[in-house]
Amino acid sequence: AFLRNAAAAGPLVVMLDGCDQNANAFAQGTRMNEMAERKGFAVVYPQQSVASHPKACWKWYDRATQQGGGDVGHIVGIVNQVAGVHPIDRSRIYISGFSAGGAMAHIVAMNHPGLIAGVGVHSSPLFGVARGAVGAIKVMLHGDAARAEAAMAEVLERQPGFPGMPTILIHGASDPVVRPINQAQLEQQSMLANRVPGGMPVQISIKERTS
């Protein structure tokens, strides 16, 4: 993990990369360091170890991780370490990720709503329904409509005072790896987590890529 632009108290953005990526590649691809310098926030990039997973994937599909164990503790530890030695505004700590990193960001946010002020996920599998690496592939391709609501309800049951979680969801309409059905079911999960009535419209923006 490394930090940029933490000279003055301000927000912290935690960025989690996808499989077969690393912190440096993710920083370069997202250009988040340049944004941090322009806007005046800190950014940190926790990185999965290849000793933990051969493709450096976050283990979002593990049941223990989904319940707040496993990789969650490592990421939260990094956040607390950074916030402990740099002037970070603890009320403005945000987490975001891509693909496996997006799923992991969602898990961290839902298990630590007192630490994380908002979450953004890009091309993420559905939250909380996978049961192991084999089940992860099925979720990535088909989501899990039967368990989507129950998975989120389990989190809320463990945390009766859950305050809600501001969420941004982004997904490519033609993604063949994590199919867009995951996005539709993530929207329903987010509405449940934020206690949005089922009939209330959710703002959705679709932009076609032209180049």
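Observations
- Matching residues in the range 80-105 - criterion: being touching a helix residue (DSSP H, G or I) at 6+ places or on another chain (Cβ under 9 Å), open to solvent by less than 10 Å² (accessible area, probe 1.4 Å) and of a type outside the set (A, V, I, L, M): Gly97, Gly101
- Members of the range 15-69 found to be outside any strand (DSSP E or B), among the β-branched types (Val, Ile, Thr) and surrounded by 15 or more Cβ atoms within 10 Å (Cβ to Cβ), listed by number: Thr30, Thr65
- Residues located in the range 108-132, provided they are within 16 Å of Ala193 (Cα to Cα) and outside any loop (DSSP other than H, G, I, E, B): Val108, Ala109, Met110, Asn111, Gly118, Val119, Gly120, Val121
- Taking the criterion of being at negative phi, surrounded by 13 or more Cβ atoms within 10 Å (Cβ to Cβ) and part of a loop (DSSP other than H, G, I, E, B), the residues of the range 142-161 that qualify are Asp144, Ala145, Arg147, Gln159.
- Residue in the range 181-191 that is modelled with pLDDT of 95 or more and open to solvent by 50 Å² or more (accessible area, probe 1.4 Å) present: yes
- Residue within the range 97-107 that is more than 15 Å from Pro125 (Cα to Cα), touching a residue at least 40 places away in the same chain (Cβ under 8 Å) and not in a loop (DSSP other than H, G, I, E, B) present: no
The values are calculated or read from the model by the stated rules, or taken from the named source; none is laboratory data. Everything numeric here is computed off the predicted structure, so don't read it as measured data. A quick note on method: Cβ atoms are made from the backbone with ideal geometry, for glycine too, and the neighbour counts reach across all protein chains shown. The protein model used for the area step is the full one, side chains on, heavy atoms only, and it has no ligands, DNA or RNA in it. Shrake-Rupley method; radii C 1.70, N 1.55, O 1.52, S 1.80 Å.
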